[in-house]
Amino acid sequence: MKDIIQELHDRRENARLGGGQRRIDAQHAKGKLTARERIELLLDEGSFEEYDTFVAHRCTDFGMEHNRPYGDGVVTGWGTINGRMVYVFSQDFTVLGGSVSATHAQKICKIMDMAMQNGAPVIGLNDSGGARIQEGVDALAGYADIFQKNIEASGVIPQISVIMGPCAGGAVYSPAMTDFIFMVKDTSYMFVTGPDVVKTVTNEIVTAEELGGASTHTKKSSVADGAFENDVEALAEVRRLVDFLPLNNREKPPVRPFFDEVDRVEASLDTLIPDNPNMPYDMKELIAKVSDEGDFYEIQKDFAGNIITGFIRLEGQTVGVVANQPLVLAGVLDIDSSRKAARFVRFCDCFEIPILTLVDVPGFLPGTAQEYNGVIKHGAKLLFAYGEATVPMVTVITRKAYGGAYDVMASKHMKADVNYAWPTAQIAVMGARGAAEIIHRADLGNPEKIKAHADAYEDRFANPFIAAERGFIDEVIQPRSTRRRVARAFAMLRNKQQSMPWKKHNNIPL
Amino acid sequence: MFEKILIANRGEIACRVIKTARKMGLKTVAVYSDADKHALHVEMADEAVHIGPPQANQSYIVIDRIMEAIAKSGAQAVHPGYGFLSENAKFAEALDKAGVAFIGPPKGAIEAMGDKITSKKIAQEAGVSTVPGYMGLINDADEAVRISQQVGYPVMIKASAGGGGKGMRIAWNDRDCREGFQSSKNEAANSFGDDRIFIEKFVTQPRHIEIQVLCDAHGNGIYLNERECSIQRRNQKVVEEAPSPFLDAATRKAMGEQSVALAKAVGYTSAGTVEFIVDGDRNFYFLEMNTRLQVEHPVTELITGVDLVEQMIRVASGEPLSISQDDVKIDGWAIENRLYAEDPYRNFLPSIGRLTRYRPPAEGPLGDGIVRNDTGVYEGGEISMYYDPMIAKLCTWAPTRAQAIEVMRNALDSFEVEGIGHNLPFVAAVMDHPKFIAGEMTTAFIAEEYPDGFDGVTLEDAHLRRVAAAAAAMNRVAEIRRTRVTGTLGNHERRVGSDWVVSLQASEFTVKIAADHGGSTVRFEDGAEIRVEGAWTPGMSLARMTVDGESLVLKVDKITQGFRLRTRGADLKVNIRSPRQAELARLMPEKLPPDTSRLLLCPMPGLIVKIDVEEGQEVQEGQALCTVEAMKMENILRAEKTGVVAKINAGPGDSLAVDDVIMEFE
């Protein structure tokens, strides 16, 4: 018996070494941690339960039968993050380059099935050279199996991808279908075709970093939701994100003790809106002053800065925030910001996370660049996302809410539950000057008259009270009391139940 | 006594005058420009009168505007504060004509002391010690050299109308003297339209020490001891204290008596300040007389118990002084730090904008002393580009100088200012500087001790350990809270360990925390133990901890795996990790900050108005590269060195954040 137990130990030891010390050292030399080290950082100490430690591939082509390492290039199992269950797979670059084989894929699918059945998020740590070429179509089939699981799991459990090394070719489409993608700066990249193929086909000369590094995907393509300095920081921040997320779509978002006053008054918010309506201000100050302990987890912070998305807590419970940012492009809605916010709103709605919308929007961005690229359909995504959402929604208009953008930004008409406005709010079809020029076209040649008309329009509409008279605004509130008002509104909505007509699924304009 | 007074000023000094007026039962009238519509002084006053656009030369220093405000409000007297119209004889005259009292000296005294040469002559005649030199006007370089030889090198060549270092040269020999004479003359002509030059002895190891005087209209005059104001940056006082750690009783008495004599010689009434330069041997020389309330007057009030503003008002209303020279004592020690919206890490560049957070320490008792904070701003208010970027004057008083410094350290540590750059870390560093602690400073203190500017404070090991212990204890609280979340797997909750590795400022400490009801005991690897107590909970921006019985105040921001902690002028990134996390973190490559020498970075948040160059263009040092508009100010960014523009990343209309890359050079 002792010998047998010893053999188990030996085999485990062998599996834990992955591709051997030399490859581990090489991984470290690149500034990367090994698959198992990453799991240690992601999960609570000692909580990891590994499965399929001894899985090995069954390929016999190209001499592969002589190289059958335990684990087959991926470590899978489950553990806890601050005591809450998550499933994890971590590709092991030291074993066959982390390449995906049929059995490698099988391991990933196994824990994804468990995650869906048992209701816990899946976190994938990606570091793989791609499909295992020796296996041919078996490897491709394996990828497709993972894709299919990603699709089935979407909206059932949160799926988080962390790109911690190469992720190229078909491999990118698994992370692409998860809820969040994070990257590690300088050591990770993602692209469909690499720099060599790009050069052959399009004659473009580009480095892997330029083509698909963290900066590209967080700032240009918006494929990634965030980037971190190194493996340690990335995994710590994923833990922080998981603290905000419900485990599955049958559960409410998590609640934890909070050290803040629900009725905290912030007198300084009374002066947040500058006297000059054309001066910007930082909407993040309002977010920080409304949220518990000023804690804000921003999603896609480097992309489409004219809209802000992310998570806060109110009374200890997660709330998703969507806010126009007057500091960037005056907070205008455009293709990028609409897409960014729409996806975020849909994530929140999937997982019963209430949504707080902070509005200061001058309208949609005009121009051929926008129209040619389909701002109509992209803008519609955000409209659609808000309109289909059934989670508690509270909206605060701080300043401008002009035109169609007013409707889009979680207005009363899009089923928001509680709509507040600050006294500084201006709810109108457009800015006063533009309106005057259209209504009083005859006076266009007379600047004095136009000014008088504009002033008259402003007096009439540059305030929240016309909308409040119609009940489109539930209450005009003092800026300083925003936290208390919003927190109480969400408290009132805790048992909100709303449903949409039965359908197979909707047809959001993609 | 008056019933209603107008304060022809803004900011902290207007607020400070209103406080005393209110205490005396007087009604107050504030004046304000467009930029000050929501200012604190407007809110504090009983009435407020709008006097024009933001620019001071169209509002606060326009005599007619102020006279209109007086007429409108019916104020019987005007306190001018400092700056603006406070030393303007024409203003005093206009008030006189209108039959309104000026809470300040008579017009003649302002005029007499307003000119450097005249004032020095009067001082000499009144028996005040003056710097040896030639009082008359100097016509040419030969005459300048002859006079310099008589006075003895080194000498200072100065413009009569000068100020702020303009038109000033130091000469150590005849050659310096010839050159300096000509350049001072040119500079004076250009800057002041007045090229009169005089020469005086250059004082070595100079200290700036000034005497507060107070005179009434009945021939009484007293001095209220001195203020040491040697710590200056570019002639701008930063730290002041009273008394001076350098003066002895005899020197104090001599300086005080000469100051009163000078005041009497010009028929001075009200509060005034006689500035002296004092050399290493306690020889003192008259510099000038400021015929107004000084910025730094609170330190005098704190050690004498005299409310100078109250005395000014009483004197102006004709009352005789109720204090005699014998009543004036020195009680304890007072220090003032001027908090400016100037970013010490960016060469003290003014930083304007919104105060997203402004929480000064509570006024009143703190530790062994008391705190006084004279301020004109509030959280959510604006530091405007139009005026002096002063945020507050933070003063502390205690029985001894060492105690006053210690109270100041605590007060600075708990002073929260966010949203703009400010010099708080810098003055905190000065409070811990050995030369300041020893009281050994000259007017060259900042230039000599911070020759390359200020780049933060490095804490010594013992202090670092105390911060590390506090951080470990705070982190434990935060980590335990993270485990108290809903949805945990019953019986398999995370247990927060007691072993941690704290890394900060290139040091790493392995510690073990034992927590009990009263706090935590943090044990270091070498066996040393530090006791940490304090009620910090996550989200609190200020941690008031007691570490080994001593107070430690930290400004706290959350970062990944730890905190950003600020204390004593140090700005620390503190990581607290489990031993295993720390082991793996050590494997992470050190990432050096990107080399920005080949980049043009946006120095402030703003809008690109114009790009003056093209890609591939060669630019010369000093050539304009682009214009950034920030707060309606157009700032021209210039090439720091000759080079070729490789890439331009921004165009007109782009709105940029601080440190965004505008263009790259080859």
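The values are calculated or read from the model by the stated rules, or taken from the named source; none is laboratory data. Bear in mind the structure is a predicted one, so any value in this text is a computation, not a measurement. As a convention, Cβ positions derive from the backbone with ideal geometry for all residues, glycine included, and neighbour counts pool all protein chains shown.
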### Query
Within the group A:Val290, A:Val319, which residue is farther than 23 Å from B:Ala657 by Cα, touching a Pro at 6+ places or on another chain (Cβ under 6 Å), more than 9 Å from chain B (Cβ to nearest Cβ) and surrounded by 23 or more Cβ atoms within 10 Å (Cβ to Cβ)?
A:Val319
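One line per residue, one yes/no per condition, for (1) polar (S, T, N, Q); (2) more than 14 Å from chain A (Cβ to nearest Cβ); (3) touching a residue at least 24 places away in the same chain (Cβ under 8 Å); (4) within 19 Å of A:Leu329 (Cα to Cα):
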{"position": "B:Lys610", "(1), (2), (3), (4)": "no, yes, yes, yes"}
{"position": "B:Glu621", "(1), (2), (3), (4)": "no, yes, no, no"}
{"position": "B:Thr627", "(1), (2), (3), (4)": "yes, yes, no, yes"}
{"position": "B:Ile648", "(1), (2), (3), (4)": "no, yes, yes, no"}
{"position": "B:Ala657", "(1), (2), (3), (4)": "no, no, yes, yes"}
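Run down A:Ala234, A:Ala208 and say which single residue is within 11 Å of chain B (Cβ to nearest Cβ), more than 21 Å from B:Ile480 (Cβ to Cβ) and in contact with a strand residue (DSSP E or B) (Cβ under 6 Å, 6 or more places away or on another chain).
Working: A:Ala208 fails: within 11 Å of chain B (Cβ to nearest Cβ).
Among A:Ala234, A:Ala208, only A:Ala234 is within 11 Å of chain B (Cβ to nearest Cβ), more than 21 Å from B:Ile480 (Cβ to Cβ) and in contact with a strand residue (DSSP E or B) (Cβ under 6 Å, 6 or more places away or on another chain).
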### Count of residues meeting criterion [among the hydrophobic types (A, V, I, L, M, F, W, C) and at positive phi] in region A:276-319
1
### Message
Please count how many residues of region B:587-607 are of a type outside the set (Gly, Ala, Ser) and part of a strand (DSSP E or B).
### Response
4
### Query
Only one residue in A:Pro246, A:Pro253, A:Pro277 is more than 8 Å from every other protein chain (Cβ to nearest Cβ), touching a residue at least 40 places away in the same chain (Cβ under 8 Å) and crowded, with 21+ Cβ neighbours inside 10 Å. Which one?
A:Pro253
### Task
With the checklist (1) surrounded by fewer than 19 Cβ atoms within 10 Å (Cβ to Cβ); (2) away from chain B (no Cβ under 14 Å); (3) among the charged types (D, E, K, R) in hand, flag the one item A:Lys219 doesn't pass.
(2)
### Query
So how many residues does region B:382-403 have that are among the aliphatic types (A, V, I, L, M), surrounded by 20 or more Cβ atoms within 10 Å (Cβ to Cβ) and within 14 Å of chain A (Cβ to nearest Cβ)?
1
### Summary
From the option list B:Lys19, B:Lys27, B:Lys72, B:Lys37, single residue qualifying as surrounded by fewer than 22 Cβ atoms within 10 Å (Cβ to Cβ) and touching a Lys or Arg at 6+ places or on another chain (Cβ under 6 Å) is B:Lys27
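Let's see how each residue does on (1) free of Cβ contacts under 8 Å to residues at least 60 places away in the same chain; (2) closer than 22 Å to B:Lys37 by Cα; (3) in contact with a Ser or Thr (Cβ under 9 Å, 6 or more places away or on another chain); (4) not hydrophobic (A, V, I, L, M, F, W, C):
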residue	(1), (2), (3), (4)
B:Glu342	no, no, yes, yes
B:Arg346	no, no, no, yes
B:Asp368	yes, no, yes, yes
B:Val371	yes, no, yes, no
B:Thr375	no, yes, no, yes
B:Glu379	yes, yes, yes, yes
B:Ile383	yes, yes, yes, no
#### Entry: Those residues of region A:16-36 which are within 9 Å of chain B (Cβ to nearest Cβ), crowded, with 16+ Cβ neighbours inside 10 Å and in contact (Cβ under 8 Å) with a residue 12 or more places away in the chain, in sequence order
A:Gly31, A:Lys32, A:Leu33
#### Entry: Boolean, A:Gln300 is free of Cβ contacts under 8 Å to residues at least 60 places away in the same chain and more than 10 Å from chain B (Cβ to nearest Cβ)
no
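Of these, B:Lys120, B:Lys158, which one is buried (at least 16 other Cβ atoms within 10 Å of the Cβ) and part of a strand (DSSP E or B)? Spell out the reasoning first.
Details: B:Lys120 fails: part of a strand (DSSP E or B).
Of the residues listed, the single one that is buried (at least 16 other Cβ atoms within 10 Å of the Cβ) and part of a strand (DSSP E or B) is B:Lys158.
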### Message
Please count how many residues of region B:333-377 are in contact with a Gly (Cβ under 8 Å, 6 or more places away or on another chain), surrounded by fewer than 21 Cβ atoms within 10 Å (Cβ to Cβ) and modelled with pLDDT of 95 or more.
### Response
3
### Task
Kindly indicate whether any position in region B:332-353 is small (Gly, Ala, Ser), part of a loop (DSSP other than H, G, I, E, B), more than 30 Å from A:Arg480 (Cβ to Cβ) and away from chain A (no Cβ under 14 Å).
yes
### Query
Can you find even one residue in region B:622-634 that is surrounded by 14 or more Cβ atoms within 10 Å (Cβ to Cβ), of a type in the set (Asp, Glu), at pLDDT below 80 and not in a loop (DSSP other than H, G, I, E, B)?
yes
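Quick one: which of B:Val315, B:Val328 is surrounded by fewer than 21 Cβ atoms within 10 Å (Cβ to Cβ) and either in contact with a strand residue (DSSP E or B) (Cβ under 7 Å, 6 or more places away or on another chain) or among the acidic types (Asp, Glu) (or both)? Reasoning before the result, please.
Details: B:Val315 fails: surrounded by fewer than 21 Cβ atoms within 10 Å (Cβ to Cβ).
Criteria check complete, one pass: B:Val328.
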### Query
In the list B:Gly518, B:Gly539, B:Gly490, which residue meets the criterion of being without any contact (Cβ under 8 Å) to a residue 40 or more places away in the chain, loosely packed, with under 14 Cβ neighbours inside 10 Å, within 12 Å of chain A (Cβ to nearest Cβ) and assigned to a loop (DSSP other than H, G, I, E, B)?
B:Gly490
### Task
Can you tell me which residue within region B:288-311, out of those that are in a helix (DSSP H, G or I), closer than 25 Å to B:Gln403 by Cα and not aliphatic (A, V, I, L, M), is farthest from the chain's Cα centre (by Cα)?
B:Thr304
## Note on the structure
Checked region B:493-515 for anything facing chain A (nearest Cβ under 10 Å) and surrounded by 19 or more Cβ atoms within 10 Å (Cβ to Cβ); matches are B:Arg494, B:Val496
### Query
For region A:419-474, how many residues meet the condition of being in a helix (DSSP H, G or I) and touching a strand residue (DSSP E or B) at 6+ places or on another chain (Cβ under 6 Å)?
3
### Message
Against the conditions (1) within 9 Å of chain B (Cβ to nearest Cβ); (2) at pLDDT 95 or above; (3) more than 18 Å from A:Gly331 (Cβ to Cβ), where does A:Leu269 fall short? Just the number, please.
### Response
(3)
### Query
Does A:Met64 meet the test of being in contact with a helix residue (DSSP H, G or I) (Cβ under 7 Å, 6 or more places away or on another chain), in a helix (DSSP H, G or I), within 20 Å of A:Ala141 (Cβ to Cβ) and away from chain B (no Cβ under 14 Å)?
yes
### Task
Sort out which residues of region B:431-475 are away from chain A (no Cβ under 14 Å), in a helix (DSSP H, G or I), more than 19 Å from the chain's Cα centre (by Cα) and touching a residue at least 40 places away in the same chain (Cβ under 8 Å), and write them in order of number.
B:Asp461, B:His463, B:Leu464, B:Arg465, B:Arg466, B:Val467, B:Ala468, B:Ala469, B:Ala470, B:Ala471, B:Ala472, B:Ala473
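Let's see how each residue does on (1) in contact with a strand residue (DSSP E or B) (Cβ under 9 Å, 6 or more places away or on another chain); (2) within 11 Å of chain A (Cβ to nearest Cβ); (3) loosely packed, with under 14 Cβ neighbours inside 10 Å:
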| position | (1), (2), (3) |
| --- | --- |
| B:Arg564 | yes, no, no |
| B:Asp571 | yes, no, no |
| B:Arg580 | no, yes, no |
| B:Ile636 | yes, no, yes |
| B:Asp654 | yes, yes, no |
